[in-house]
Amino acid sequence: MMKFLPLILLGLYLVAMWFFSAWRLKKDLNEKATPLRHPRLTPMLKRLGDAMDLPPIQAHVYEVEPVNGLAAPDGRIFLTRGFIRKLDACEVTAEEMASVIAHELGHVSLGHSRRRMIDFAGQNAIRLALAGVLGRFLPGIGTWIANAVATAVAARLSRQDEFEADRFASALMIKAGLGTDPQKSLFRKLDKLTGSAGGGAPAWFLSHPPTARRIAAIEAHEARWTRD
């Protein structure tokens, strides 16, 4: 029994970490979010809802400045205040914002939001295990290598989720009569909007795929759907 104790303790730690992370995220969102009521977005929320045979989609504004969208594990959709400011400044259109909401709906519908919390626990497990092993043979840099490997694994899983959510969003935008042009045009703006143009981490470390690949995937789906 004693030889399994480290594994049992690791499992308990990961479960506790998962619950703590979920609780902290929910608490932060509850404290910093309000229902989204924007005259330019209300019609978009209705069109997306109609396309899914649902009432108008409900979304929330997360009161932080970084430009982003978020699908919470409990199924709620958020746009950041920074993103809303870009809409008010006419740097993005209401249709482009609708594509963000459609993308986040994809994460919810495909179960990505909950799975990412589990992936977070798995990432910590990989990090702890590798740090323990590599630390014995490579003092000083073993922990750094463990962190890099865990981050790369998590990023690869996240990129796959992004492609799947993009595909869901494309289908929904087409059904809503909005098409995929807003989705693609927003992608071309994202680096500038988020301040990430130029430099940064290698592409395989990023949680989102490169813009060109995302647009190419959307166009490939459209071509396939047209043929079918």
task: Filter the range 71-89 down to residues that are open to solvent by 60 Å² or more (accessible area, probe 1.4 Å) and not basic (Lys, Arg) and give me whichever is farthest from HIS103 (Cα to Cα).
output: ASP88
message: Can you tell me which residue is nearest to ALA94 (Cα to Cα) among those in the range 43-70 that are outside any loop (DSSP other than H, G, I, E, B) and open to solvent by 60 Å² or more (accessible area, probe 1.4 Å)?
response: PRO43
message: List pairs: first residue in the range 93-110 and within 18 Å of PHE163 (Cβ to Cβ) and without any contact (Cβ under 8 Å) to a residue 60 or more places away in the chain, second residue of a type outside the set (Gly, Ala, Ser) and open to solvent by 10 Å² or more (accessible area, probe 1.4 Å) anywhere in the structure, Cβ distance under 6 angstrom, at least six positions apart or on different chains.
response: LEU110/GLU164
statement: Checked pairs for the range 35-53, first among the hydrophobic types (A, V, I, L, M, F, W, C), second part of a strand (DSSP E or B), C-beta under 6 Å and 6 or more apart or across chains, list as LEU36/HIS60; LEU36/VAL61
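State the number of residues belonging to the range 84-98 that are assigned to a helix (DSSP H, G or I) and either touching a helix residue (DSSP H, G or I) at 6+ places or on another chain (Cβ under 7 Å) or at pLDDT below 95 (or both).
Initial filter on the range 84-98 (assigned to a helix (DSSP H, G or I)): 84-88, 94-98.
Imposing the further condition that a residue be either touching a helix residue (DSSP H, G or I) at 6+ places or on another chain (Cβ under 7 Å) or at pLDDT below 95 (or both) reduces the set to 86-87, 94-98.
Summing the residues that are assigned to a helix (DSSP H, G or I) and either touching a helix residue (DSSP H, G or I) at 6+ places or on another chain (Cβ under 7 Å) or at pLDDT below 95 (or both) in the range 84-98 gives 7.
The values are calculated or read from the model by the stated rules, or taken from the named source; none is laboratory data. Quick caveat: nothing in here was measured; it's all calculated off a predicted structure. Ideal geometry is used to build each Cβ from the backbone, glycine not excepted, and the neighbour counts take in all protein chains shown. For the accessible areas, the whole protein counts, side chains as well, though only heavy atoms, and no ligand, DNA or RNA atoms are used. Shrake-Rupley method; radii C 1.70, N 1.55, O 1.52, S 1.80 Å.
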